[in-house]
Amino acid sequence: MRVVFLGPPGAGKGTQARRLADRYGIPQVATGDMLREAMASGSELGQRARAYVERGELVPDDVMLAVVEDRLRRPDAERGFVLDGFPRTLAQAEGLDDLLRRLGRRLDAVVLFQVPEETVVRRLAGRWTCTACGRVFHESYSPPRTPGVCDACGSPLVQREDDRPETVRRRLAVYAEQTAPVVEYYRARGLLHPVDGSQDPDAVAEAVEAVLRHRVEVR
Ligand code: AMP
């Protein structure tokens, strides 16, 4: 199963990617999580990425392509992967095609999570993320059992710096300018499968499953 999850910030890609990855035993390749880890560790990648991430801008394509190539070459990605937050530009989509060609693999499907902008803004404003395992909660829609503490691993939850309203607006503009063309790129290749991401997480997961079942059957 080789899948790309596309959609604006707050569309539910991370939540659904984690579920799918657990269910199929494949890695969730979340480029935003990888960059935040790199920033926390102070690595060279983290130092390069910080200024972009903090402003809600995209990290340059060559950096991201190198990160993803490195990740997809690891043995655990041989059975498949779910790409969450990548590709975000046309150059990244083309670079991914080229990488998969070199690896002798191809994508099964691209799932587009469609969510109205007001919903995205509301979701991001109440979002709390686990500092250790990356699980995501929402203070109204899916609150943790104890406020500020991760249900899964007991670590502290934080609000992402880039979930502040000014940065969210910039991220949405960047999505419209740079990532929307990626939607058309995959539509033109017959790989795009839109799902209604505004439903509750179980209903969205079912819609994703239905898409993927169908894709695997037609192959
Ligand atoms: P996310 O967690 O997916 O919302 O990503 C958080 C931030 O990381 C984004 O706003 C970008 O600054 C950066 N980022 C994540 N994935 C990419 C990517 N594929 N290309 C460029 N920048 C990215």
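The values are calculated or read from the model by the stated rules, or taken from the named source; none is laboratory data. From a predicted model like this one, the values you see are computed outputs, not experimental measurements. Cβ atoms come from the backbone with ideal geometry, glycine included; neighbour counts cover every protein chain shown.
Below, the figures for the structure above:
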| quantity | calculated |
| --- | --- |
| Residue within the stretch 68-88 that is away from the ligand (no atom under 12 Å from the Cβ), among the basic types (Lys, Arg) and modelled with pLDDT of 95 or more present | yes |
| Residue, farthest from Asp200 (Cα to Cα), within the stretch 7-25, restricted to residues that are within 11 Å of the ligand (Cβ to nearest atom) and out of contact with any Phe, Trp or Tyr (no Cβ under 6 Å at 6 or more places or on another chain) | Pro9 |
| Flag for Gly126 being more than 18 Å from Ala40 (Cβ to Cβ), of a type outside the set (Lys, Arg), free of Cβ contacts under 8 Å to residues at least 40 places away in the same chain and touching a His at 6+ places or on another chain (Cβ under 7 Å) | yes |
| So Val53, is it crowded, with 20+ Cβ neighbours inside 10 Å, touching a residue at least 12 places away in the same chain (Cβ under 8 Å) and touching a His at 6+ places or on another chain (Cβ under 6 Å) | no |
| Single unsatisfied condition, Glu118 versus (1) within 14 Å of the ligand (Cβ to nearest atom); (2) loosely packed, with under 14 Cβ neighbours inside 10 Å | (1) |
| Residues within the stretch 47-66 that are touching a helix residue (DSSP H, G or I) at 6+ places or on another chain (Cβ under 6 Å) and more than 6 Å from the ligand (Cβ to nearest atom), tallied | 4 |
| Any hit, the stretch 166-181, residues being of a type in the set (Ser, Thr, Tyr) and surrounded by 20 or more Cβ atoms within 10 Å (Cβ to Cβ) | yes |
| Matching option when the condition is at pLDDT 95 or above, of a type in the set (Val, Ile, Thr) and under 23 Å from Asp33 (Cβ atoms), among Thr179, Thr167 | Thr179 |
| The one condition in (1) of a type in the set (Val, Ile, Thr); (2) over 19 Å from Gly197 (Cβ atoms); (3) within 12 Å of the ligand (Cβ to nearest atom); (4) free of Cβ contacts under 8 Å to residues at least 60 places away in the same chain that Val149 fails to fulfil | (3) |
